[in-house]
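S.K.: For reference, the structure I am asking about is given below.
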Amino acid sequence: MPWTSLIVYVDDEADNPARLTEACALASAHGARLIGVSGCAPETPVADAYGAGILLGEVMAAQQARNETTLKSAEQRFRGAIEAAGVEGEWRGDVGDPTGLTLRCLRAADAALVGRDAGGASAWRAPHPADLAMRSGRPVVVLPPNPIRSMVDAPVLLAWTDTRESRLAAQAALPLLKRADGVRVVELCDPDDTDGARLRTQDVARWLAGHGVAAEPDARAHDDRPHGRRLIDCAEEMGVGLMVSGAWGHARMRQWIFGGVTQTLLNEAPVALMLSLIHI
């Protein structure tokens, strides 16, 4: 089933113009409608506002005006991008929690594109990518600030472990895999399980072939590099534009806790990373 609608989050980070360009290219390739989303959560007024002789109402009014200006600027950048790309789009901006807004909008989209560092800059301005991925029930494509290659129709690395998470990720990624310039199914295995890993990745490649995806199985024995770092090295070696990974996570003290491989990919992948996550 092809993607027919996509979300791109529009914020004020330096990488946002490149993210908009990539989102427009992806929407154009899939014939999809692009939904621009942007939120501004009201910030808590400083405690000494009264001491400075400033009325709370004045502080909140100034904040509201600033948020509206910020959202208007984001809308203008989005509309300029889709007009230049000739892509159908719509705008959804609001003063409120960015993560909550994006989650609500995802009921109208197949996937979301967000910046990797968006949530780290200011929680009032952008959703945290991992939080969004864990709560959305949709694929989330996380773009690094300076990807070494576009993800559109590029080769793809499908990081495989014989788990439910990987199966769900592969299924969710089919619209991208069908357009990819080659897919490599990579499993990192124990040295004494290489034959088993070859059989597993061959099975995945055959399943993908049934969906019109040309994929190559690739079983590799572990070495002294951490698994996440090894996958990133594989991605750079293969010249891919997208990594696809399934992962699990759980919530503790209102923060998502991930396995080490997922965290490394999320923080360090040099290309777009599509996450399809489950909550346990």
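S.K.: Here is a list: Trp124, Trp160. Which entry is surrounded by fewer than 20 Cβ atoms within 10 Å (Cβ to Cβ) and hydrophobic (A, V, I, L, M, F, W, C)?
M.R.: Details: Trp160 fails: surrounded by fewer than 20 Cβ atoms within 10 Å (Cβ to Cβ).
Within the list Trp124, Trp160, the selection yields Trp124.
S.K.: While we're on this one: Give Leu132, Leu113 a once-over and let me know the one that is on the phi < 0 side of the Ramachandran plot, part of a helix (DSSP H, G or I) and aliphatic (A, V, I, L, M). Step through it out loud before you land on a result.
M.R.: On the way: Leu113 fails: part of a helix (DSSP H, G or I).
After ruling out the rest, the residue left standing is Leu132.
S.K.: Could you tell me which numbered condition Leu113 fails, if it satisfies all but one of (1) under 18 Å from Asn16 (Cα atoms); (2) out of contact with any helix residue (DSSP H, G or I) (no Cβ under 6 Å at 6 or more places or on another chain)?
M.R.: Unmet condition: (2).
S.K.: Something else about it: Of the residues that make up the stretch 37-47, is at least one in contact with a helix residue (DSSP H, G or I) (Cβ under 9 Å, 6 or more places away or on another chain), closer than 27 Å to Leu177 by Cβ and modelled with pLDDT of 75 or more? Before the answer, list the steps.
M.R.: Narrowing the stretch 37-47 to residues in contact with a helix residue (DSSP H, G or I) (Cβ under 9 Å, 6 or more places away or on another chain): 37-43, 45-46.
Filter once more, keeping what is closer than 27 Å to Leu177 by Cβ: 37.
In the following step, the residues that additionally are modelled with pLDDT of 75 or more were identified as 37.
Yes - at least one qualifying residue is present in the stretch 37-47.
S.K.: Quick check: is even one residue across the stretch 188-205 in contact with a Ser or Thr (Cβ under 7 Å, 6 or more places away or on another chain) and either farther than 19 Å from Ala29 by Cα or in the same structural domain as Thr70 (by TED's automatic domain parsing) (or both)?
M.R.: Kept after step one, since they are in contact with a Ser or Thr (Cβ under 7 Å, 6 or more places away or on another chain), are these residues of the stretch 188-205: none.
So far as the stretch 188-205 goes, no, none of its residues is in contact with a Ser or Thr (Cβ under 7 Å, 6 or more places away or on another chain) and either farther than 19 Å from Ala29 by Cα or in the same structural domain as Thr70 (by TED's automatic domain parsing) (or both).
S.K.: For residues that are within 19 Å of Thr264 (Cβ to Cβ) and over 11 Å from the mean Cα position of the chain (by Cα), scanning just the stretch 135-150, find the one that is surrounded by the fewest Cβ atoms within 10 Å (Cβ to Cβ).
M.R.: Going residue by residue through the stretch 135-150, those that are within 19 Å of Thr264 (Cβ to Cβ) are 140-148.
Restricting the remaining residues to those that are over 11 Å from the mean Cα position of the chain (by Cα) gives 145-148.
On the way: Pro145: 14, Asn146: 9, Pro147: 21, Ile148: 13.
Going through the qualifying residues, I end up with Asn146.
S.K.: Is there any pair linking a residue in the stretch 1-27 that is under 22 Å from His128 (Cα atoms) to one that is surrounded by 24 or more Cβ atoms within 10 Å (Cβ to Cβ) and among the aromatic types (Phe, Trp, Tyr), with Cβ under 6 Å and at least six apart or on different chains, and which?
M.R.: Val10/Phe78
S.K.: Let me ask another. Could you list, ordered by first residue, the pairs with Cβ atoms under 6 Å in which the first is in the stretch 88-102 and assigned by TED's automatic domain parsing to the domain that holds Met134 and the second is of a type in the set (S, T, N, Q), at least 6 apart or interchain?
M.R.: What qualifies is Gly93/Ser38; Val95/Asn67.
S.K.: Here's a check for you: in the stretch 116-129, which residue that is in a helix (DSSP H, G or I) and under 13 Å from the mean Cα position of the chain (by Cα) is modelled with the lowest pLDDT? Before the answer, list the steps.
M.R.: Within the stretch 116-129, the subset in a helix (DSSP H, G or I) is 118-121, 129.
Next, only the ones that are under 13 Å from the mean Cα position of the chain (by Cα) stay: 118-119, 129.
Working: Ala118: 55, Gly119: 48, Pro129: 84.
Within the stretch 116-129, the match that is modelled with the lowest pLDDT is Gly119.
S.K.: Ok, one more. Considering every residue within the stretch 98-109, establish whether at least one is within 30 Å of Glu13 (Cα to Cα) and either hydroxyl-bearing (Ser, Thr, Tyr) or in a strand (DSSP E or B) (or both).
M.R.: Step one: filter the stretch 98-109 for residues within 30 Å of Glu13 (Cα to Cα), giving 98-109.
When the remaining residues are screened for being either hydroxyl-bearing (Ser, Thr, Tyr) or in a strand (DSSP E or B) (or both), the result is 99, 102.
Yes, because at least one residue in the stretch 98-109 is within 30 Å of Glu13 (Cα to Cα) and either hydroxyl-bearing (Ser, Thr, Tyr) or in a strand (DSSP E or B) (or both).
S.K.: Residues that are out of contact with any Pro (no Cβ under 8 Å at 6 or more places or on another chain) and over 20 Å from Arg116 (Cβ atoms), at least 3 per element: which helices (runs of 4 or more DSSP H) completely within the stretch 173-249 meet that? First the steps, then the outcome.
M.R.: On the way: elements: 174-177, 194-209, 227-238.
Fully inside the stretch 173-249 and qualifying: 194-209.
S.K.: Residues that are more than 30 Å from Thr102 (Cα to Cα), surrounded by fewer than 16 Cβ atoms within 10 Å (Cβ to Cβ) and in contact with a His (Cβ under 7 Å, 6 or more places away or on another chain): does the stretch 182-190 have at least one?
M.R.: yes
The values are calculated or read from the model by the stated rules, or taken from the named source; none is laboratory data. If you're wondering where the values come from, they're calculated on a predicted model, not measured in any experiment. Because the Cβ atoms are built from the backbone with ideal geometry, glycine has one as well, and the counts that use them run over all protein chains shown.
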